[in-house]
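> Sharing a structure with you now.
We did not get these values from a lab; they are worked out from the coordinates using the rules stated. All figures in this text were calculated on a predicted structure; none of them were measured in a lab. Backbone-built Cβ (ideal geometry, glycine too); neighbour counts: all protein chains shown.
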Amino acid sequence: MKKLPLTLVVLCTLFLLTHCASEQVSSLYNGRYDNPRANKVEPEARANFMQAEKYFFARNYDRALPIFQNIKTRFPRGKAGQLASYRIGSIFYYQQDYSTAAKEFESFLNKFPQSEISFDVTYNWAASEFQRENPERANQVLSRLKLTAVYAQGPKRAEIVFQLAAQVSKALGNQSGAILAYLAELQLPLPEDSRQKLDDAISKSINSIQSSSELKQLLNQVREERFKDKITNRLAILNLQTDQSSQISPSPTSQIIAIPQEQPQKNQNLISGTMGDRSTVGVVLPLTGKFSNYGQKALDAILLAAKSFAPIQDENIQIVVEDSRSNPLIAAYAVEKLANEDRVMAIIGPLSWKESIYAADKAQELGVLNISLSSKEGISERGAYIFQNALTPKIQLESLVSHCVNNLKLSRFALLVPENNFGKEYSTHFWNSVVKYGGKVVAYDSYAPEEKDFQKNVQELVGLNPKYRGFEVAKLLAYKKEQKEKTGKEPKVKLQPIIDFDAIFIPDSPKTVAQIAANLAYYDVKGITLLGTTEWNSDQLYRRGGRYVEGALFPGGLSLSSQNPNQTAFIKNYTAAYGTNPDLLASQAYEAMSLVVTALKTSSSADRNELVNFLLQQKAFPSPLGSELSFEGSRVAKRNVPIFKLDANGAVTQQ
């Protein structure tokens, strides 16, 4: 069994447990030692704990260990005892006594399962088990960590966990497990060279799988098209080898598997004989529950689109609406009812990604066109009948980055993102787009979703953290002291920021962006462009941020000041019908219904597959969003997304 390289494990554990011991040693030698955890222990244990911590970070484990053991004995259920146990396990690990380290970490979790550091301890327990050549136990321990919890740790820590998970899977001979770990790691904002290494590792692991059943199971778990193609090709090769060894010609199934999935004209992976009622269209939307306001807005737009078109061969369009109640299971049931009982030709909706996934899987099973209105990436990849008519993060951000690089000649970017799924997804797509268009990400930092004070984040981005510029800080302090002695007044000078980027991407709400923008101004970070998402297309951005957010750029969708005739006509009709202005969701729902009605009018067939093929052939469908729409092999609506700029006094102009 190949062991995880010691250097990697030590690096991982140092980061997860001590946040890099080398930095702590540097702080200690400079007389600035401060460990915030020490302030949480019982007052009567604090002095001993601080002493043990100093030995620990100086890597004098022989002196630190007995003090921590004494603290653990004296305070078995206290905060001091908890942290002491944590350090004891770490020390045994660093001393390569992995068996004792594993026992200590396991004991910790039995006593303190809800500890704030239970994630760190769980990881290090798994690392200890792996180092003692017990990958089965390491795998069991790692399975305690939920995927959402791993991503919540931030990109750097999550990357380390996924690396260990891949090593454990490979040690167990589980190539599929290693591939899934690599794929999870690919969702993080990584440098291009790291992404390429992961791509190579995934390809190598796929090609090493010898079991067709394992490959088929893996194919159902993988969503990325390029890797699905690799798995499909590997399946074809195995089938061909099996057939040749039996002196039997390749079966039709093998040949079909090897066919590329994207078909330029007609999708060959459709179910034959799936028929419906030509005049009936289904809608699945959350009309009750937490997303009901959005569902009603989408339904209004769908009804308006149905009224805006002439009847199909003298038959009025019948729209059957099902309420998903914001529940994924109910959404799937609604699709089944619409397809089998109401015999609809197509289904529009739902909105949320969970409902959309359940609905998509059921629509694919039954062979009925489903146009999802969710912007979550990957939903259309669930089958040939699934389309997405929404501005996905990838489409939004490719347009934004393309405009920045090609039109504005910006090349260096910083990212400041929330540590949640939204921040992870959008930062990943932004980073990928920067690389695609020849730019470079030069700075990255993240913050907790509930964060209110962004001073430290700004300091990290522009090199104002004193630990990075100790010499300059010392010189500045000496200068202030000298001037105060001469003049009696301390000069108002401060460390200047290092601004080595042209723009900063912040995928968050206008409220949070306004707070960050104010902090950027406070630290004299000037001359950079703020970049955001479609959520910034709101009057709230200027109301909250004022002059600090002027010049911000963001991908748009619907503009009430647009001069595009398709967009102005839609806005006028919607406003006349409902007495309020439409938004991006309304326009996309209207567009989806327009596509279905147009498709029905082009053919007299009741074959549902005709609608699927019609959508695949669209290259320039007129859109109420002002740009022509097309569907490619991915079945995601493609369009030139307009880029908006926030000018002085809150005016928004299209670039």
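> Distance in nm between label sites at Tyr479 and Arg77, each 7 Å beyond Cα in the beta-carbon direction?
5.7 nm
> Would you list, by chain and number, the lysines whose Cα falls below 30 Å from the Cα of Lys54, excluding same-chain residues fewer than 8 positions away?
By straight Cα distance, Lys54 reaches Lys40, Lys72, Lys79, Lys103, Lys111, Lys156, Lys456, Lys467, Lys475.
> Hey, another quick one. What's the magnitude of the charge dipole for region 502-554 around its Cα centre, counting Lys and Arg as +1 and Asp and Glu as -1 at the beta-carbon? Answer in Debye, nearest 20.
Around 180 debye, computed over region 502-554.
> Pop the C-beta distance of Ala47 and Lys489 into the FRET formula with R0 = 45 Å and round what comes out to the nearest 0.05.
According to the calculation, E is roughly 0.65.
> Here's something else I'd like to know. Roughly what % of DSSP beta bridges within the chain run antiparallel, to the nearest 5?
30 percent
> Can you sort Phe430, Phe291 from fewest to most other Cβ atoms within 10 Å of each residue's own Cβ?
Ascending number of Cβ neighbours within 10 Å: Phe291, Phe430.
> Please compute the length gained on full extension between Asp193 and Arg144, using 0.36 nm multiplied by the number of residues separating them and subtracting their Cα-Cα distance.
Full extension of this stretch gives 14.6 nm more.
> Given the convex hull of the Cα atoms of the chain, what is a quarter of its surface area in nm²?
So the Cα hull casts an average projection of 35.6 nm².
> What per residue convex hull volume, in Å³, comes out for region 144-207 when only alpha-carbon positions are used?
Hull volume over Cα atoms, normalised by residue count, gives 73 Å³.
> What is the distance, in nm, between label points placed 7 Å from the Cα along the Cα-to-Cβ direction at Gln455 and at Gln654?
Distance between label points: 4.4 nm.
> Along the Cα-to-Cβ line of Asp500, 7 Å from the Cα, sits a label point; which residues in region 413-443 have backbone N less than 17 Å from it?
Only 413-416, 439-443 fall inside the zone, counting backbone N under 17 Å.
> Rounded, prolate or oblate: which fits region 565-655, taking a ≥ b ≥ c as square roots of the Cα gyration tensor eigenvalues, rounded meaning a/c under 1.5, else prolate when a/b beats b/c?
Cα axes put region 565-655 in the oblate bin.
> Still on this structure, please answer the following. So how much slack lies between Ala577 and Lys354, counting 0.36 nm per residue of separation and subtracting their Cα-Cα distance, in nm?
77.2 nm
> Also: Using a Förster distance of 41 angstrom, determine the FRET efficiency expected from the C-beta separation of Thr568 and Ser203, and round it to 0.05.
After rounding, the FRET efficiency stands at 0.25.
> Additional query: Among Leu477, Ala158, Ser587, pick out the residue whose Cα is farthest towards the positive end of the charge dipole of the chain, where Lys and Arg carry +1 and Asp and Glu carry -1 on C-beta, about the Cα centre.
Final value for the positive-end residue is Leu477.
> Helix-derived [θ] at 222 nm for the chain: sum -39500 (n - 2.57) over DSSP H runs of at least 4, divide by residue count, nearest 500?
That comes out to -16500 deg cm²/dmol.
> To continue, here is another question. Measuring from label point to label point, each 7 Å out along Cα→Cβ, what is the Ser605 to Arg63 span in nm?
According to this spin-label approximation, the distance is 8.3 nm.
> Give me the number: length gained by fully extending Ser538 to Ser630, i.e. 0.36 nm times residue separation minus the C-alpha to C-alpha distance, one decimal in nm.
Length gained between Ser538 and Ser630: 30.4 nm.
> Take the residue pairs Lys354/Lys424; Lys197/Lys354; Lys228/Lys394; Lys197/Lys230 and return only those whose Cα atoms are more than 21 Å apart.
Table pairs above 21 Å Cα-Cα are Lys197/Lys354.
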